[in-house]
Amino acid sequence: MTWIENLGKTVLRFLEKLGTRFVFLFQVAGWIFTPPFRPYEVLKQIHFIGVRSLFVIVLTAAFTGMVLGVQGFYTLKKFGSEGLLGAAVALSILRELGPVLAALMVTGRAGSAIAAEIGIMRISEQLDALETMALHPIKYVVAPKVVAAIISIPLLTAIFDVVGIAGGYVAGVSMLDVSPAGFVGSMHTSVQWKDVYSGFIKSFFFALLISWICCFEGYFSDAYSGYGAEGVSHATTTAVVLASVNILVWDYFVTSVLV
């Protein structure tokens, strides 16, 4: 019967952590709309999450678009439909690859740093010090990061979309001799407003998931990951893995609703 007991303990720990996650999310939502507001800290986090992620976003988008252009050309060529390359590249990036890859890049670059920063603040008792000064750690540390992520990640997605489509154009027109008018024309006739805003809706959900999961893992690193440097490293790894997996899972559910 030991395995049944261990299974029960595992399920109870999972439910406890799941409940703590949602309580944490509701607390963050409450503190976001509770004055006093801290716009300077939000701008600082926007610079960290958004501006400092621009290079990796632009680089990833350019080569993703170029790969889509090359692969899409040879696939469409089999059906004699090379003129639809612009539509294929634009729809793939706007609806799926733009929001998903942008979110994954931000998770790896900024999400891991957020989890590690809050985790270090936890084990060094900086969060406890804030409480002794009547400053709630969620209001002071977590809320600005969540707001900044919700603002930054959709904007990074927009940049990814533009650069990715430009990369597909360069690969298709400059390297594979696709007609520039055909590339732009097929994109113009095939892309609808729904294709654009569906990607931004996804990026909003992804921003919330990234900030929520990474902040939670860092905030409770001592409770669920262990104390000290090992606990922070485990919390950071868990945050990146969980955020990445949840992005892919929620991408399916949001796509099922929006299609």
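Coordinate-derived values only; no laboratory data. Not measured: the values here are computed from a predicted model. Quick reminder, even Gly has a Cβ in these numbers, built from the backbone with ideal geometry, and neighbours come from all protein chains shown.
Per-structure values
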{"quantity": "Relative contact order of the chain, defined on C-alpha pairs under 8 angstrom at six or more residues apart (%)", "calculated": "31 percent"}
{"quantity": "Likely footprinting exposure, Thr34, Thr236, fewest C-beta neighbours within 10 Å first", "calculated": "Thr34, Thr236"}
{"quantity": "In order through segment 93-102: 3J(HN,Hα) via Karplus (6.51 cos²θ - 1.76 cosθ + 1.60), integer Hz, x for Gly, Pro", "calculated": "6, 5, 8, 10, 5, x, x, 6, 5, 4"}
{"quantity": "Between 0 and 90°, nearest 10: helix 180-190 axis offset from the chain longest Cα axis", "calculated": "60 degrees"}
{"quantity": "Segment 124-139 - phi-based ³J(HN,Hα) in whole Hz, Karplus 6.51/-1.76/1.60, Gly and Pro as x", "calculated": "8, 6, 5, 5, 5, 5, 4, 5, 5, 9, 6, 10, 6, x, 5, 5"}
{"quantity": "Tail beyond 20 Å, pair distance distribution of segment 188-259 (Cα, percent)", "calculated": "44 percent"}
{"quantity": "Cα-Cα pairs of segment 40-153 separated by more than 18 Å (percent)", "calculated": "62 percent"}
{"quantity": "222 nm mean residue ellipticity, helices alone, for the chain (DSSP H n ≥ 4; -39,500 (n - 2.57); rounded to 500)", "calculated": "-26000 deg cm²/dmol"}
{"quantity": "Calculated from backbone phi, Karplus (6.51, -1.76, 1.60) coupling profile of segment 37-45 in Hz, x at Gly/Pro", "calculated": "8, 10, x, 5, 5, 5, 4, 4, 6"}
{"quantity": "Sites Leu59 and Asn6, calculated FRET efficiency, Cβ-Cβ separation with R0 45 Å, nearest 0.05", "calculated": "0.45"}
{"quantity": "Max mean-square fluctuation residue, GNM over the chain, Cα-Cα springs under 10 Å, options Tyr40, Tyr219, Tyr227", "calculated": "Tyr40"}
{"quantity": "Most mobile listed residue (Thr60, Thr107, Thr189) in the chain, GNM with C-alpha springs under 10 Å", "calculated": "Thr189"}
{"quantity": "Whole-angstrom gap from segment 28-106 to segment 175-217, using each part's C-alpha centre", "calculated": "7 Å"}
{"quantity": "Stretch gain in nm, segment Ser81-Glu96, where the contour uses 0.36 nm per residue and the Cα spacing is subtracted", "calculated": "3.2 nm"}
